[in-house]
Amino acid sequence: MANGFRTIEPKILYFGTPVALISSQNEDGSTNLAPISSFWALGWTAMLGLLDETKTADNLAQRPDCVVNIPSPDLWQQVEKLAPLTGKNPVPEIKARQFRFEPNKFDASGLSPMASEVVKPERAKGVPCAPGSASVRLHMLSGEKLNQLGGGVAAEVEVLRVHVASEFILGDNHIDPQKWSPLIYNFRHYFRLADKELGKTFRAER
Ligand SMILES: Cc1cc2nc3c(=O)[nH]c(=O)nc-3n(C[C@H](O)[C@H](O)[C@H](O)COP(=O)(O)O)c2cc1C
């Protein structure tokens, strides 16, 4: 121990990021739905971190449309129902011990599908924010620890349309931060944000 710190080797570095359910299109036109938490946005460009051994990565390599459904904290149990499932058949060996194939992720999760306006995969009804997006490029990621998980890609997606439940909209064009709250994945546990706002940045318009 030095200065109150220790060096550790956690298996994963999930520091607490929002969860997204990625809708992507299977070869038969149906929609696959998969939870991820490795994602961020800059402007209307977003990066999705996807393990190679996912149906989502396969689908985006073949058919670029997707929806980044961002669930609210009250949907964590539906998200967790998707956690042990994959749209990949057969299940990749690296996942075989813990995962099973499921072709109908909507039925399995209890979420209902609804048509998206500009992209082909369906979005999840009841999820309050769902940007319809198109993948423009897949960037290969590297690293020894990532390779132990089977490798991964960052899918660069361009957001085309942002669907937001009316109750979260402030004025014409803002999402109300007092009402909006993402589901947070914090080291494999689900959390919500604390209700108390700490302050706002100098560029906040509302
Ligand atoms: C809350 C949560 C967050 C996850 N985050 C990611 C992630 O960021 N990237 C990823 O590839 N898999 C992530 N996973 C694992 C995938 O959901 C899992 O591999 C799933 O089988 C993928 O489904 P698919 O094969 O049908 O695409 C996460 C799982 C959960 C439950």
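The values are calculated or read from the model by the stated rules, or taken from the named source; none is laboratory data. The model shown is predicted, which means the values in this text are computed figures rather than measured ones. In this analysis, Cβ positions are derived from the backbone assuming ideal geometry, glycine residues included, and neighbour counts consider all displayed protein chains. All accessible areas refer to the heavy atoms of the entire protein, side chains included, with ligands and DNA or RNA removed. Shrake-Rupley method; radii C 1.70, N 1.55, O 1.52, S 1.80 Å.
Structure data summary
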quantity: FRET E, pair Asn147, Val118, Förster distance 35 Å, beta-carbon r, rounded to 0.05; calculated: 0.45
quantity: Choice from Leu13, Leu21, Leu146 with maximal GNM fluctuation in the chain (Cα, 10 Å cutoff); calculated: Leu13
quantity: Rel. contact order, % - alpha carbon contacts under 8 angstrom, at least six apart, the chain; calculated: 25 percent
quantity: Ranked order, Arg206, Arg123 - accessible area, probe 1.4 Å, largest first; calculated: Arg206, Arg123
quantity: 5 angstrom amide H check on Leu183, placed H, neighbours 5+ away; calculated: Val19
quantity: Gln178/Thr17 FRET efficiency (R0 22 Å; Cβ-Cβ; nearest 0.05); calculated: 0.55
quantity: Candidates Lys95, Lys179, Lys55: whichever shows maximal mean-square fluctuation once the chain is modelled as a Gaussian network with Cα springs under 10 Å; calculated: Lys179
quantity: Reach of Lys88 by Cα under 15 Å, taken over aspartates and glutamates that are not fewer than 8 positions away in the same chain; calculated: Glu27, Asp28, Asp52, Glu53, Asp58, Glu102
quantity: Per-residue ³J(HN,Hα) for the stretch 106-117, Karplus 6.51 cos²θ - 1.76 cosθ + 1.60, θ = phi - 60°, Hz, x for Gly and Pro; calculated: 5, 4, 5, 8, x, 8, 9, x, 9, 5, 8, 7
quantity: Table column - 3J(HN,Hα) (Hz), the stretch 8-13, Karplus curve with 6.51, -1.76, 1.60, x for Gly and Pro; calculated: 10, 10, x, 5, 10, 10
quantity: Cα gyration tensor, the chain - rounded (a/c under 1.5), prolate or oblate; calculated: oblate
quantity: Potential extension, Thr45-Ala165 segment - 0.36 nm per residue separation minus Cα distance; calculated: 41.1 nm
quantity: 3J(HN,Hα) from dihedral phi, the stretch 45-54, Karplus parametrisation 6.51/-1.76/1.60, rounded to Hz, x for glycine, proline; calculated: 9, 10, 10, 10, x, 10, 5, 4, 7, 10
quantity: When each of Lys105/Lys125; Lys95/Lys120; Lys105/Lys196; Lys11/Lys95; Lys125/Lys179 is checked by Cα-Cα distance, pairs over 23 Å; calculated: Lys95/Lys120; Lys105/Lys196
quantity: Choice from Pro73, Pro177, Pro64 with maximal GNM fluctuation in the chain (Cα, 10 Å cutoff); calculated: Pro177
